[in-house]
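Notes follow the structure.
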Amino acid sequence: MDLDFNQIVPYIPFVLEGIWATLQFVIVSIVVGLLLGTVLALCKITKISILRVFANVYTSIFRGTPLILQLMLIHYAVPQITGYDIPAFLSAILAFGLNSAAYVSEIIRAGIMAVDKGQIEAAEALGVPYKPMMLHIIMPQAVKNILPALMNEFITLTKESAIVSTIGYLDLMRRAQIVQADIYRAFEPLLFAGAIYWVMVFILTKIGGLVERRLRQSD
């Protein structure tokens, strides 16, 4: 086997900078997805039909089309129509945030629906307004049910972040590809990038497990 990891040693600092570049847009995308997903989930369970239709159509579109297609449309097609060149970082946040929101909305909706209906009926009987009821009674119970699924979605988002390399964003994957082109060797830089992705996902998995145990202990 023709392997020589010594060739990538000078490029290690360059590749490692991609970790922060990746985490930057992933973290912001997670926040966007969580906030928008929560709003969409509430729209799906509301009695206002137009909001339910909007939320369901939104989810159908973003879950029914490839993430890479959504990224390409935002980064290349929208500027064609608007004349505004969207930076790669912003394109990544929009594509991943909007896509994640569709999945998060379903997770949160399922978590809310899993809460005993008697809780809602009791709150309504006591005259508790809808917003305080959701914030202080329903959502705290739903969070414990949906946390594993949410963590899985965030882990998936971290792994899928590699596709932003297709629009030239200097994330971890893109930097590994640059090293590959520079030294004319693919296995070593890609394996190094893969190891870093694995470490990030491993850490996220451990954090998710820790938070889940803490929530169970608080019952």
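All of the numbers you see were taken from the coordinates with simple rules; none came from a lab. What you are looking at is a predicted structure, and each value in this text was computed from that prediction instead of being measured. Neighbour counts are summed over all protein chains in view; Cβ atoms, including those assigned to glycine, are modelled from backbone coordinates with ideal geometry.
Between E124 and N152, what FRET efficiency follows from the Cβ-Cβ distance if R0 is 45 Å, with the result rounded to 0.05? Provide the component values of the computation, followed by the final result.
Working: r = 33 Å, r/R0 = 0.73.
Efficiency at R0 = 45 Å is approximately 0.85.
Each part gets one Cα centre, and for segment 162-219 versus segment 8-60 those centres are 17 Å apart. Orientation-averaged projection of segment 47-113 equals 5.4 nm² [convex hull of Cα atoms, one quarter of hull surface area]. When the C-alpha to C-alpha distance is required to be over 24 Å, the pairs from K44/K117; K117/K144; K44/K159; K44/K206; K159/K206 that qualify are K44/K159; K44/K206.
Between rounded, prolate and oblate, where does segment 68-198 land on the alpha carbon gyration tensor, with a ≥ b ≥ c its root eigenvalues, rounded for a/c under 1.5, else prolate if a/b exceeds b/c? Kindly include the intermediate steps, with their values, before the conclusion.
Details: a/c = 4.80, a/b = 2.09, b/c = 2.30.
Note, shape of segment 68-198 comes out oblate.
Placing a label point 7 Å from the Cα of Q7 along the Cα-to-Cβ direction, the residues of segment 162-184 whose backbone N falls under 11 Å of that point are 180-184. Site pair V211 and Q24 shows an inter-label distance of 2.3 nm when each label is modelled 7 Å from Cα along Cα→Cβ. Values (1) 163; (2) 141; (3) 151 are given for comparison; volume of the Cα convex hull per residue in Å³, derived from the coordinates here, is the one labelled (3). Charge dipole of the chain (Cα centre as origin; +1 on each Lys and Arg Cβ, -1 on each Asp and Glu Cβ, all else neutral): 720 debye, rounded to the nearest 20.
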